[in-house]
Amino acid sequence: MRHSCLRIFTLAAVALLVAPCRAAGVLDPQGPVAAAERLILINATAIMLVVVLPVIVLTLAFAWWYRASNKRADYRPDWSYSGEIELVVWSIPAMVVILLAGVGWTGSHVLDPGRKLKSDGSPIRIEVVSLDWKWLFIYPDQHIAAVNQLVVPSGAPIEFFLTSATVMNSFFVPQLGSQIYTMPGMTTHLYLLADHLGDYPGISAQFSGDGFSDMRFVVHAVPAPEFDNWLARARSAGPTLDSDAYAQLARTTRNAAPQTYRSVDPLLFSHILQQAMPVAASAPHRD
């Protein structure tokens, strides 16, 4: 019985250690933006540990030294002030705040969502529309569209133009970086890049109703030839995304299956942005 309990405890501990690795997300960057964000997180954590670790150590040290059984401890109940201690107590947090401010200032400029990324690959332009509750990706230069799936060539900068057809939402691919909001009647601008081949989950990070947790998609970073093959397959199958097809797509649904459209109305994104396209009735239980 004892060995059985030990085995169960060991398996549980291993599961707890492995689980975060499987869902590393921002700690497993696959692009330059996510890598820079992880560096900021590590730097900020290290800077704050300069205060946290000494406080923990001194708390334990003081508790041990001033224990009741230690007769060598100098107990001075009338002591109230020390300029040297005050200098240390205030200077260290001040330096931490200054360093964190510097990290935040530098990062906010280096990681400006609309800042172009340096790469040898040709940029791919993608228009993103958040719907209830699905993602529509339009490739205006390739004249196709996809729902809940995003295929991009690895190593090529992806230039996103994002809006919402309903309520405010949030577009986030943790392993590529930069959560950014989508808002009706407005366009937000974002550059991302996938350094490595792979499949990277994307989510909605903004509550927008009962089905927002189902607003998931996958970014497939593939070699350039495979991307061209995917484009050829998409152009040879699927319906056309015109105003009627969009009206059908815009209906409130949950767990929408990924699909592609072989052609797209070139003015569709502009009409959605201007709120000139039909939108499904508002879903209940929204905040």
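The values are calculated or read from the model by the stated rules, or taken from the named source; none is laboratory data. This one's a predicted model, so the numbers in the text were calculated from it and none came from an experiment. Heads up, the Cβs are rebuilt from the backbone with ideal geometry, glycines too, and the neighbour counts pull from every protein chain shown.
In the condition set (1) touching a residue at least 60 places away in the same chain (Cβ under 8 Å); (2) closer than 18 Å to LEU27 by Cα, TYR191 is compliant with all but (2). Restricting attention to the stretch 105-120, the residues that are of a type outside the set (A, V, I, L, M, F, W, C) and touching a residue at least 40 places away in the same chain (Cβ under 8 Å) total 6. Screening the stretch 234-270 for residues that are in contact with a helix residue (DSSP H, G or I) (Cβ under 9 Å, 6 or more places away or on another chain) and assigned to a helix (DSSP H, G or I) and picking the one that is nearest to PRO153 (Cα to Cα) gives LEU268.
For the subset of the stretch 177-218 comprising residues that are more than 16 Å from the chain's Cα centre (by Cα) and among the polar types (S, T, N, Q), which member is nearest to LEU131 (Cα to Cα)? Only one residue tops the list, namely SER208. Remark: pairs (first residue in the stretch 74-94, more than 26 Å from MET48 (Cα to Cα); second residue at pLDDT 85 or above and not basic (Lys, Arg); Cβ separation under 7 Å; 6+ apart in sequence or on different chains) are absent.
Looking across GLY202, GLY238, GLY198, GLY211, one residue alone is in contact (Cβ under 8 Å) with a residue 24 or more places away in the chain, loosely packed, with under 15 Cβ neighbours inside 10 Å and not hydrophobic (A, V, I, L, M, F, W, C). It is GLY198. What's the number of the only condition in (1) under 18 Å from the mean Cα position of the chain (by Cα); (2) at pLDDT below 85; (3) polar (S, T, N, Q) that SER130 fails to meet? Only one criterion in (1) under 18 Å from the mean Cα position of the chain (by Cα); (2) at pLDDT below 85; (3) polar (S, T, N, Q) is unmet by SER130, namely (2).
Taking residues in the stretch 252-269 that are in the same structural domain as THR240 (by TED's automatic domain parsing) and buried (at least 18 other Cβ atoms within 10 Å of the Cβ), and partners anywhere that are of a type in the set (Lys, Arg) and at pLDDT below 95, the pairs with Cβ atoms closer than 6 Å and at least 6 places apart or on different chains are ALA256/LYS134.
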